[in-house]
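The values are calculated or read from the model by the stated rules, or taken from the named source; none is laboratory data. What you are looking at is a predicted structure, and each value in this text was computed from that prediction instead of being measured. Glycine also receives a Cβ, built like all others from the backbone with ideal geometry; neighbour counts cover every protein chain displayed. We work out accessible area using only protein heavy atoms, side chains counted, and drop any ligands, DNA or RNA first. Shrake-Rupley method; radii C 1.70, N 1.55, O 1.52, S 1.80 Å.
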Amino acid sequence: DPPPIQSGCACRGDAGLAHVGCRAEAAEHKSKSGDVVGWQACVTCGQIFTGQMDMGLAKAWCGAVQDLDEADADRQLAGTNLAAALRLMGRYAESEAKCRELRAVQR
């Protein structure tokens with residue numbers, strides 16, 4: 001699991017530090033209005049999240065949409081984001097499995 005407080009963006013100093021759970025809460029709030037960018041990028045500096053922040057948010061996003069139909073566009077997007085985060089962390093087998101799971105739904 002990711003460290004309690006971390007960055008994962010280009011913000012300098014304390015501006016970029018946050019708990020994954022806090023960023024996830026903010027992203028979930030914004031996504032209720034259709035804006036899903038908070039799950040993927042810092043709203044302050046605009047950089048796409050990296051490392052453990054990216055992975056933590058990807059997992060949280062999948063958790064937030066798990067009750068939606070598996071073919072729902074938001075659930076598919078969250079799953080695609082998780083597959084990408086897994087790949088970027090070098091977890092290729094898990095990424096491939098997630099991609100295959102998503103592809104099976106799309107058929």
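What the table shows:
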| quantity | calculated |
| --- | --- |
| Enumeration of residues in segment 29-43 that are surrounded by 13 or more Cβ atoms within 10 Å (Cβ to Cβ) and either of a type in the set (Asp, Glu) or in contact (Cβ under 8 Å) with a residue 24 or more places away in the chain (or both) | Ser31, Val36, Trp39, Gln40, Ala41, Cys42 |
| Residue selected from segment 69-88 under the condition open to solvent by 70 Å² or more (accessible area, probe 1.4 Å) and outside any helix (DSSP H, G or I), by the criterion nearest to Ala104 (Cα to Cα) | Glu70 |
| Enumeration of residues in segment 55-81 that are more than 15 Å from Ala27 (Cα to Cα) and either touching a residue at least 12 places away in the same chain (Cβ under 8 Å) or among the β-branched types (Val, Ile, Thr) (or both) | Glu70, Ala71, Gln76, Gly79, Thr80 |
| Residue list for segment 2-28, filter: surrounded by 15 or more Cβ atoms within 10 Å (Cβ to Cβ), among the small types (Gly, Ala, Ser) and not in a loop (DSSP other than H, G, I, E, B) | Gly16, Ala18, Ala24, Ala27 |
| Pick from segment 44-68, criterion touching a strand residue (DSSP E or B) at 6+ places or on another chain (Cβ under 7 Å) and assigned to a helix (DSSP H, G or I), ranking: least open to solvent (accessible area, probe 1.4 Å) | Met53 |
